[in-house]
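One structure is given below, encoded as structure tokens.
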Amino acid sequence: MSTAASDPKIDEYAHPDRLVTTAWLAERIEAGEVGTPGGIVLLESDEDVLLYDTGHIPGAQKIDWHTDLNDPVTRDYVDGEAFARVLGSRGIRRDTTVVIYGDKSNWWAAYALWVFSLFGHEDVRLLDGGRATWVAEDRELTRDVPTPDAVDYPVVERDDAPIRAYQDDVLAHLGKPLVDVRSPGEYSGELLHMPDYPQEGAMRGGHIPGAKSVPWAKAANEDGTFRSRAELEALYQGEQGLTPSDEVVAYCRIGERSSHTWFVLTHLLGFEHVRNYDGSWTEWGNSVRVPIEK
Amino acid sequence: MTDERAPLPPALAEIAEDFSSVSQSDRLQLLLEFSDGLPPLPERLAGEPDKLERVDECQSPVYLVVELDDEVDGAAGDRTVHLHVQAPAEAPTTRGFAGILHEGLDGLSAAEVLAVPDDAPYRFGLAEAVSPLRLRGMVGMLGRIKRQVRLKAGLL
């Protein structure tokens, strides 16, 4: 079941088993391997919580970054018990191959994949190009919602340290590579959110001192698919001078766009020490007496 | 604990009641119905973005315009309000918010629309279902609708 996608572009990446193509997924669906007991579980993770309900890839189930993966009270991710409930209810076992896709160039899909990684779920992959590519290729969508039998997912303690940075970690990290993946206007401090989005959420604008501005979108093609390994190397290792052994922290506004960059650095380029600072600008830009650069 | 909040107009109150009487997942289905049911712009407004106001608080390109019937022997506050909203199919949550406001406000008098409390979007039990962050778009829409009514009815 865990056959790699085997696609010339994907085979170039450091961890080719983390990305699948729409053609691969369509074949697996055709073969009855998606959403069937013991098969691949396909999840849609979107910015818009209703988008899945308007039509989705056959066999896909919805997972929502807010209502499924965030703790409802504390600003944190769910704990091991809640995570086990969320995954078990979707028919996911610890060894299940999970493929995630979503809207907005897979930001929320990458974010969900990153949260799955906090719990060490081994086989979780993104669909290259996400929802938009599937739709652009005129592939089938359905409003039928699967009803899988719940299975047991073990209660696993979340292990944040390797891939998640807290504010204190970032303070201790100052001087080492930081990647600000927000838009240029947010980086300069002129905007507090992406252009055309509500300008909410921070008392101060600017960026974390020393952070380099590499907007997430530079890692994606127009159609939302990831750029080739050579293009990504030219961007991060060439232009930005990062090396795969560097300790890197990526951040954005709430950690979703930087999950996209975390995925690129970790799985497509093989960087070994990348952490996502999910507190991001909504924490840093509101904190008292943390250093800011404009 | 008594509810000290200003009341919603009847149509909006009924929608709020419908939402609060169902489970979280059914709330999303209900919101999807409002999304599917949002009427398209009338022909004279379609393709005329200059005649509409962009709702910056929404995460998707959403435009709206308020039109008022002419005054008939009455006060400006009696003029009937017509609401037109355009929101993309890729943003069903926002479309759902627009659908709720359309069904709840279209056809009310200017004075009735202006009396709608600004926290109305928080009264549908949607904060838990869609997350509080996502409700900001609806707050923005309501604020802009009221501002346009105030301006166009001359009730400043």
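In summary, helices (runs of 4 or more DSSP H) completely within the range A:180-280 and bearing 1 or more residues that are among the polar types (S, T, N, Q) and buried (at least 23 other Cβ atoms within 10 Å of the Cβ) occur at A:257-263. Residues in the range B:61-75 include at least one that is within 30 Å of A:Tyr52 (Cα to Cα), buried (at least 16 other Cβ atoms within 10 Å of the Cβ), hydrophobic (A, V, I, L, M, F, W, C) and within 12 Å of chain A (Cβ to nearest Cβ).
Here the condition is being under 23 Å from A:Asn276 (Cβ atoms) and assigned to a loop (DSSP other than H, G, I, E, B); of A:Asp169, A:Asp144, A:Asp160, it holds for A:Asp160 alone.
Within the range B:119-136, the set of residues being open to solvent by 10 Å² or more (accessible area, probe 1.4 Å) and within 10 Å of chain A (Cβ to nearest Cβ) comprises B:Glu128, B:Pro132, B:Leu133, B:Arg134, B:Arg136. The one condition from (1) within 14 Å of chain A (Cβ to nearest Cβ); (2) within 22 Å of B:Leu151 (Cα to Cα) that B:Glu90 does not meet is (2). Does B:Val116 count as more than 14 Å from chain A (Cβ to nearest Cβ), closer than 30 Å to A:Pro72 by Cβ, within 15 Å of the chain's Cα centre (by Cα) and crowded, with 19+ Cβ neighbours inside 10 Å? Yes.
One line per residue, one yes/no per condition, for (1) away from chain B (no Cβ under 14 Å); (2) free of Cβ contacts under 8 Å to residues at least 60 places away in the same chain; (3) open to solvent by less than 20 Å² (accessible area, probe 1.4 Å); (4) not in a strand (DSSP E or B):
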| residue | (1), (2), (3), (4) |
| --- | --- |
| A:Ala23 | yes, yes, no, yes |
| A:Glu27 | yes, yes, no, yes |
| A:Gly32 | yes, yes, no, yes |
| A:Leu43 | yes, no, yes, no |
| A:Glu47 | no, no, yes, yes |
| A:Leu50 | no, yes, yes, yes |
| A:Gly59 | yes, no, no, yes |
| A:Asp64 | no, yes, yes, yes |
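Might you check whether a residue that is basic (Lys, Arg) and touching a Phe, Trp or Tyr at 6+ places or on another chain (Cβ under 8 Å) occurs anywhere in the range B:68-82?
no
Cβ separations smaller than 7 Å between residues 6+ apart or across chains give the following pairs from the range A:201-224 residues that are free of Cβ contacts under 8 Å to residues at least 24 places away in the same chain to residues that are in a helix (DSSP H, G or I) and not charged (D, E, K, R): A:Lys218/A:Leu235.
The values are calculated or read from the model by the stated rules, or taken from the named source; none is laboratory data. Owing to the predicted nature of the structure, the values given are computational and were not obtained by experimental measurement. Here the Cβ is made from the backbone with ideal geometry for all residues, glycine too, and neighbour counts use every protein chain on show. For the accessible areas, the whole protein counts, side chains as well, though only heavy atoms, and no ligand, DNA or RNA atoms are used. Shrake-Rupley method; radii C 1.70, N 1.55, O 1.52, S 1.80 Å.
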